[in-house]
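K.L.:
Dropping the structure in here first, questions after.
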Amino acid sequence: MHYIGYFAAIFIGLSLGIMGGGGSILTVPVLVYLMGVSPVLSTAYSLFVVGSTSVLGAVGYFRKGLVSLKTAVVFLIPSLASVFLVRKVLMPAIPHELFTVGGILFTKDLLVLVAFAVLMVGAAVSMIRSKQAEEVLDGELHQKHAFNYPLILGIGLVVGALTGFVGAGGGFLIIPALVLGARLPMKLAVGTSLAIIALNSLIGFTGDLSAGTPIAWPFILGFLSFALGGIVLGTYLARFIPGAKLKPAFGWFTLAMGTFILVKELLFHQS
């Protein structure tokens with residue numbers, strides 16, 4: 001099963017390289033269902049993998065001048081604080097058993113998986129509707145006349161907490177916020193989003209380290225190496241494969257995965 005998991009890590013990197021995002025949403029499911037990592041620990045590992053891969057992507061955009069440092073700083077002020085506190089304080093404080101609903105015992109692990117599945121469904125819908133969404137955002141862009149600090153700060157706070165809790169980057173929330181709140185063109189928003197995701201994820205991971213979370217470094221570095229290899233290959237293939245056309249198909253796949261997790265965990269996780 002581990003061999004399939006490492007192959008999936010390459011696929012995650014491929015999707016990031018070709019589409020510029022989206023693939024990291026699969027990191028936690030791959031770690032849980034293919035690599036046998038516990039859900040809570042997998043969120044920590046995901047933060048490290050997502051953060052490290054996003055650094056590679058952000059560097060490429062930065063070299064092209066497609067990262068808005070001002071916007072990134074404003075967004076990261078609340079986001080870094082919330083992601084660190086969630087990983088350092090909230091996650092260790094959540095008890096193992098929480099509550100029972102309809103015969104289903106919600107444990108800490110189950111809550112994380114359900115929250116992550118809901119996030120996957122939201123990200124899937126965003127990818128499926130990506131073309132229409134981009135048209136709407138571009139239209140809204142011309143109607144905005146000021147940098148919307150409250151929106152950027154508020155979304156930063158929410159995304160930081162979300163990233164900390166489920167171990168995902170939240171790019172499908174960040175990009176619309178950057179376009180509508182900071183009036184960034186789509187390509188600049190994508191590059192800035194990768195920089196935000198990279199810092200958010202890695203700072204969140206330091207929260208785990210400071211909280212004493214045990215990290216299997218040989219395992220996670222091996223997994224990361226496969227993902228990075230996928231990114232390098234995906235970046236090369238992006239010259240020939242239009243990522244915009246692949247995104248809706250990948251969205252449907254992500255929707256199926258999110259639905260599978262919800263059905264599996266809620267219907268077959270009776271107390």
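K.L.:
Size of the dipole of region 1-269 about the Cα centre, Lys and Arg at +1 and Asp and Glu at -1 on the beta carbon, nothing else charged, in debye to 20?
P.N.:
The calculation lands at about 620 debye.
K.L.:
Could you work out how far apart the two model spin labels at W252 and L151 are, taking each label as a point 7 Å from the Cα in the direction of the beta carbon, and quote it in nm?
P.N.:
It works out to 3.2 nm between the two label points.
K.L.:
Separate question: Counting only helical runs of four or more DSSP H residues, what would the 222 nm mean residue ellipticity of the chain come to if each run contributes -39,500 (n - 2.57) and the total is spread over all its residues?
P.N.:
-24500 deg cm²/dmol
K.L.:
Also, I was wondering about something else. Enumerate the helices in the chain for which the Kyte-Doolittle hydropathy averages 1.0 or more and the C-alpha atoms extend at least 20 Å along the helix's axis, using complete DSSP H runs.
P.N.:
Helix filter hits for the chain: 2-19, 39-63, 69-85, 108-128, 149-166, 186-210, 217-237.
K.L.:
Could I ask something else about it? From Cα pairs below 8 angstrom and at least 6 apart in sequence, can you work out the relative contact order of the chain, rounded to a whole percent?
P.N.:
Relative CO of the chain lands at 39 percent.
K.L.:
In Å², and per residue, what accessible area does the chain have when probed at 1.4 Å with the other protein chains present?
P.N.:
46 Å²
K.L.:
I need the Kirkwood Rh of region 189-240: take the reciprocal of the average 1/r across all distinct C-alpha pairs and report it in angstrom.
P.N.:
Mean inverse Cα-Cα distance, inverted, gives 13.2 Å.
K.L.:
I need the calculated FRET efficiency for the pair A93 and K264, taking r as the beta carbon distance and R₀ as 22 Å, to the nearest 0.05.
P.N.:
0.20
K.L.:
Gap in Å between the Cα centre of region 60-82 and the Cα centre of region 205-259?
P.N.:
For region 205-259 versus region 60-82, the Cα centre distance is 20 Å.
K.L.:
For the chain, what % of the accessible area comes from carbon and sulfur atoms, probe 1.4 Å?
P.N.:
Summing carbon and sulfur atoms, their accessible area is 72 percent of the total for the chain.
K.L.:
Next question, about the same structure. Rg(Cα) of the chain divided by 2.2 N^0.38 Å?
P.N.:
That works out to 0.96 for the chain.
K.L.:
What does the extension gain come out to for I215 and V125, with contour length at 0.36 nm per residue minus their alpha carbon separation?
P.N.:
Extending this stretch completely gives an extra 29.1 nm.
K.L.:
Measuring from a point 7 Å past the Cα of F7 along Cα-to-C-beta, which residues in region 212-253 have an amide N at less than 15 Å?
P.N.:
Counting only backbone N, you get no residues.
K.L.:
Sticking with this one: Taking H placed 1.01 Å from N in the peptide plane, check which residues at least 5 places from T107 or on another chain put their amide H under 5 Å from its amide H.
P.N.:
It is L98, by chain and number.
The values are calculated or read from the model by the stated rules, or taken from the named source; none is laboratory data. Remember, it's a predicted structure, so these values are computed and weren't measured experimentally. Note: ideal-geometry Cβ built from the backbone for every residue, glycine included; neighbour counts use all protein chains shown. These area figures cover heavy atoms from the full protein model, side chains too; ligands, DNA and RNA do not enter into them. Shrake-Rupley method; radii C 1.70, N 1.55, O 1.52, S 1.80 Å.
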